[in-house]
1. Can you tell which of Val61, Val36, Val43 is touching a residue at least 60 places away in the same chain (Cβ under 8 Å) and either crowded, with 16+ Cβ neighbours inside 10 Å or of a type in the set (Phe, Trp, Tyr) (or both)?
2. Which of the following residues is in contact with a helix residue (DSSP H, G or I) (Cβ under 8 Å, 6 or more places away or on another chain) and either under 21 Å from Trp133 (Cβ atoms) or among the acidic types (Asp, Glu) (or both): Glu20, Glu105?
3. For the range 27-69, name all the residues that are touching a strand residue (DSSP E or B) at 6+ places or on another chain (Cβ under 6 Å) and more than 16 Å from Met108 (Cα to Cα).
4. State whether the residues of the range 70-84 include one that is in contact with a strand residue (DSSP E or B) (Cβ under 7 Å, 6 or more places away or on another chain) and of a type in the set (D, E, K, R).
5. Could you identify the single residue in Ile7, Ile14, Ile22 that is under 15 Å from Gly100 (Cβ atoms) and either buried (at least 16 other Cβ atoms within 10 Å of the Cβ) or not hydroxyl-bearing (Ser, Thr, Tyr) (or both)?
6. Exactly one condition in (1) under 13 Å from the mean Cα position of the chain (by Cα); (2) acidic (Asp, Glu); (3) under 20 Å from Asn81 (Cβ atoms) is not met by Glu20; state its number.
7. Tell me, yes or no, whether the range 108-117 has at least one residue that is more than 22 Å from Thr40 (Cβ to Cβ), among the acidic types (Asp, Glu) and surrounded by 17 or more Cβ atoms within 10 Å (Cβ to Cβ).
8. Of the numbered conditions (1) within 15 Å of Ile30 (Cα to Cα); (2) surrounded by 15 or more Cβ atoms within 10 Å (Cβ to Cβ), Lys79 satisfies every one except a single condition; which is it?
Amino acid sequence: MAEGALIRLSGRVIRAGQAEGIALVSPEPISFLGGVDPDTGIVIEPGHPLRGERIAGRVLVFPFGKGSTVGSYTILRLKWNGQAPAAIINRESEAIVAVGAIIAEIPMVDLIDITRIHTGDRVRVQDGEVLVWPAGEAS
């Protein structure tokens, strides 16, 4: 990897754990209830910038969640169906996504400058630390 390419970010642990994957970044909030198909892990919300993208196994990065509290259960259903993200990173967490990540045992961190992470970057979440290898950098 090119020297200096690694980006280190620190945030608040919402759900402890370690995961690594390719980032999928949304500039807009995500609603899990009605916005993500729990059987396929595909974003289905009309007009959403990630519409048609599969979140399964990705490090899902977005500002915050929105929508119904049933969204927490939808995140759990994604986990049960093998369609959950590997980890979740938010600018600022809120209760719906936080509870979903906790009950589904998905590592989650917030209070992160999400503008430093781009779709396609390789990201590792380990408790409150986020390591980012920008896409296109040799590893």
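The values are calculated or read from the model by the stated rules, or taken from the named source; none is laboratory data. Just so it is clear, the model here is predicted, and its values are computed rather than measured. Here the Cβ is made from the backbone with ideal geometry for all residues, glycine too, and neighbour counts use every protein chain on show.
1. Values: Val36 fails: touching a residue at least 60 places away in the same chain (Cβ under 8 Å); Val43 fails: touching a residue at least 60 places away in the same chain (Cβ under 8 Å).
Every option except Val61 fails the conditions.
2. Values: Glu20 fails: in contact with a helix residue (DSSP H, G or I) (Cβ under 8 Å, 6 or more places away or on another chain).
After ruling out the rest, the residue left standing is Glu105.
3. Correct list: Val36, Gly41, Ile42, Val43, Leu50, Arg51, Glu53, Arg54.
4. no
5. On the way: Ile7 fails: under 15 Å from Gly100 (Cβ atoms); Ile22 fails: under 15 Å from Gly100 (Cβ atoms).
Result of the check over Ile7, Ile14, Ile22: Ile14.
6. (3)
7. Initially, the range 108-117 is screened for residues more than 22 Å from Thr40 (Cβ to Cβ), giving 109-117.
Filter once more, so that each one left must be among the acidic types (Asp, Glu): 110, 113.
Narrowing the set further to residues that are surrounded by 17 or more Cβ atoms within 10 Å (Cβ to Cβ) leaves 110.
Yes; the residues of the range 108-117 include at least one that is more than 22 Å from Thr40 (Cβ to Cβ), among the acidic types (Asp, Glu) and surrounded by 17 or more Cβ atoms within 10 Å (Cβ to Cβ).
8. The number of the failed condition is (1).
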